[in-house]
Amino acid sequence: MSTSAAKPRVATVSLAGCFGCHMSVLDIDERIFDLVDIIDFDRSPIVDFKDFTGRCAVGLVEGGCGNEENVEVLRSFRRNCDILISLGDCATMGGIPALRNLVPTEECLREAYLDGPSVHNPSGRLPNDIELPLLLDKVRPAHEVVRMDYFLPGCPPSADTIWAALTALLTDKPVQLPYELIKYD
Amino acid sequence: MSETFTFTIDGVEVEGEPGQTILEAAQAAGIYIPRLCHKDGLEPWGGCRVCTVTVNGRSASACTQPAAAGITVENETDELVDMRRGIIEMLFVEGNHFCMFCEKSGNCELQALAYRLGIAAPRYEYLWPTRDVDASHPDVLLDRNRCILCARCVRTSRDLDGKQVFGFVGRGPGKKIAVNASARLSETGLDVTDEAVDACPVGAILRKREGYRIPVGLRRYDGTPIGSDIEKGASS
């Protein structure tokens, strides 16, 4: 095994996603031992690093961009990672969060915080605090914000798909996935 | 039987009969030419252009162009495959296609073509149009978010069911499927047994209460790409 310092670093993040793709990463099961033999995790919810500690070979991006924080984080991933991968349908096409693109943002907020049948909000106010990132007018797939290098569609992409793509990239082999591993659902 | 003739598709010699289109002759020879608006049993429409091939160097839609003796047809060139990818990508961005919860997923021809052509993400920006859903019919759902305007339901209802339930209204980005009633699908003569219901290649026209009945892994295009049946020689 190579020494820790020489191992390529992998960062992951969930933007406007549901963490299902990260669950699918964990679903590689005991192969995660093989994975940590050849990589180190950098900024990632898996190891709970909040910031980048160095240059990363691969960044896995789950989710599209629904607010300004998502955009900022995605741009920092682009700056810090050599290869960026859209992981899952939300990063690839917006996914379930993008359903709000079909109604105006204001209507969407009113339904969620004022008019919805189960809403209890006596103050009648919409969330508006300097701590809260502002919503974008539409949820955007990652590649409409920064350049993405690879796409692994799926909701979520299967553990085998993620494993096949990651190991190919980390061993300098072409990423060629068999028909059964590319699915949009 | 009238005289047969030969021509080539990607250098392979193929036999044709007078009256056959290029797509039909190719299919009979076990060569799949991708198509979306064409369906066996319907008159050729030539609308989606996914079946575009070159005939002696000039582009033509294989579903409408007659096969002829001695022509040189190109089907699987890099340029044509990329053009087909572009068409499918445009169809994805100009509608609202949420495969992750669509009942048609796994059996959808649009999705299957994207798989076969190897589309990971579209090169165009998503448009997120506002489209409406007509759930008025007791047995059939019409979701225009998924409609790709292939006219299969229009032609099937008119030519096979003899009903003219569906038609087009509007032009350009505003073009949409209309129903032959003052307002809603429930007011038309559509029956759940009509062939038009099965004609839809995507999830725009669906039978109600049948969603997700086939488990993931066993659906039509889960294991084998669209067109595999033709390539195995099971021609129509």
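The values are calculated or read from the model by the stated rules, or taken from the named source; none is laboratory data. The model shown is predicted, which means the values in this text are computed figures rather than measured ones. Reconstructed Cβ throughout: ideal geometry from the backbone, glycine too, with neighbour counts over all protein chains shown. For the accessible areas, the whole protein counts, side chains as well, though only heavy atoms, and no ligand, DNA or RNA atoms are used. Shrake-Rupley method; radii C 1.70, N 1.55, O 1.52, S 1.80 Å.
Once you keep just the Cα pairs under 8 angstrom separated by 6 or more residues, what percentage relative contact order results for chain B?
Relative contact order of chain B: 21 percent.
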field: Neighbourhood charge, 13 Å Cβ-Cβ cut-off, centred on A:Leu170 and excluding it, Lys, Arg +1 and Asp, Glu -1
entry: -1
query: Which order do peptides B:193-206, A:65-78 fall in by mean Cβ count within 10 Å, highest first?
result: B:193-206, A:65-78
- prompt: How large is ³J(HN,Hα), in whole Hz, for each residue of segment A:75-87 in order, when computed from phi with the Karplus curve 6.51 cos²θ - 1.76 cosθ + 1.60 and θ = phi - 60°, using x for Gly and Pro?
  reply: 5, 5, 5, 4, 5, 9, 10, 6, 10, 10, 10, 6, 9
message: So, for the protein assembly as shown, what is the accessible surface per residue at a probe of 1.4 Å, expressed in square angstrom?
response: 49 Å²
statement: For segment A:96-107, in residue order, the Karplus 3J(HN,Hα) values (coefficients 6.51, -1.76, 1.60; θ = phi - 60°; whole Hz; Gly and Pro = x) are 4, x, 6, 4, 6, 5, 8, 10, x, 4, 5, 4
field: Loop trypsin sites (Lys or Arg not before Pro), segment B:130-236 (other Cβ atoms within 10 Å of the site Cβ: 10 or fewer; DSSP)
entry: B:Arg171, B:Arg209, B:Arg213
query: Counting only residues 5 or more places away or on other chains, whose amide H sits under 5 Å from the amide H of A:Leu84 once H atoms are built in the peptide plane?
result: A:Gly59, A:Asp149, A:Tyr150
query: Just B:Phe168, B:Phe101, B:Phe92 to compare: in a GNM of chain B, with alpha carbon springs under 10 Å, which one fluctuates most?
result: B:Phe101
- prompt: How long are the three semi-axes of the equivalent ellipsoid of segment B:5-76, in whole Å, if each is the root of 5 times an eigenvalue of the C-alpha gyration tensor, listed from largest down?
  reply: 17, 13, 10
message: Would you work out the Kirkwood radius for chain B? I mean one over the mean of 1/r across all pairs of different Cα atoms, in Å.
response: 18.9 Å
- prompt: Roughly how many Å is it from the Cα centre of segment B:189-235 to that of segment A:153-179, as a whole number?
  reply: 28 Å
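Could you work out, residue by residue across B:115-126, how many beta carbons of other chains sit within 10 Å of that residue's beta carbon, and then give the average as an integer?
5
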task: Could you please tell me the mean projected area of the C-alpha convex hull for segment B:84-207, averaged over all directions and given in square nanometres to one decimal?
output: 7.6 nm²
statement: Counting only protein heavy atoms with a 1.4 Å probe and every protein chain in place, the carbon and sulfur fraction of the accessible surface of segment B:84-207 in whole percent equals 48 percent
- prompt: Based on the mean of other beta carbon atoms within 10 Å per residue, what is the order of A:166-178, A:30-42, most packed first?
  reply: A:30-42, A:166-178
task: Just tell me how shielded B:100-110 is by partners: mean number of partner chain Cβ atoms within 10 Å of each residue's Cβ, no decimals.
output: 3
Amide H within-cut-off set for B:Thr6, under 5 Å, with H built and near neighbours excluded: B:Gly16, B:Gly70
query: Bin by bin, in steps of 10 Å, what percent of the Cα pairs in the protein assembly as shown do you find, going until the bin that has the longest distance?
result: 4, 19, 26, 24, 17, 8, 2, 0, 0
task: Using only the Cα atoms of chain A, each taken as one equal point scatterer with no solvent, compute I(q) by the Debye sum, divide by I(0), and report log10 of the ratio at q = 0.09, 0.14, 0.17, 0.19 Å⁻¹.
output: -0.36, -0.79, -1.06, -1.26
- prompt: Relative contact order for segment B:84-207: what is it in percent, counting Cα pairs under 8 Å that are at least 6 residues apart?
  reply: 28 percent
- prompt: Around B:Ala178, which amide H atoms from residues at least 5 apart in sequence, or from another chain, sit under 5 Å from its own amide H, with H modelled in the peptide plane?
  reply: B:Gly167, B:Phe168, B:Val169
- line: Here the whole-number average of other chain Cβ atoms within 10 Å per Cβ of A:143-153 is 2
Among A:Pro127, A:Pro157, A:Pro45, residue whose mean-square fluctuation peaks in a GNM of chain A (springs only between Cα atoms under 10 Å): A:Pro127
- line: With Cα coordinates, the longest principal axis of chain A makes an angle with the long axis of helix A:159-170, in degrees rounded to 10, of 60 degrees
message: Quick check: the angle from helix B:78-94's long axis to the longest principal axis of chain B, C-alpha only, nearest 10 degrees?
response: 10 degrees
³J(HN,Hα), Karplus 6.51/-1.76/1.60, whole Hz, each residue of segment A:29-37, x for Gly, Pro: 6, 5, 5, 5, 5, 5, 5, 6, 6
For chain A, calculated [θ]222 nm from helices alone, where every DSSP H run of n ≥ 4 adds -39500 (n - 2.57): -7500 deg cm²/dmol
field: chain B: calculated mean residue ellipticity at 222 nm from DSSP helix runs of at least 4, using -39500 (n - 2.57)
entry: -6000 deg cm²/dmol
- line: Sparse-neighbourhood loop hits (GluC sites (Glu not before Pro), segment B:64-129; DSSP loop; Cβ within 10 Å at most 15 others) -> B:Glu76, B:Glu125
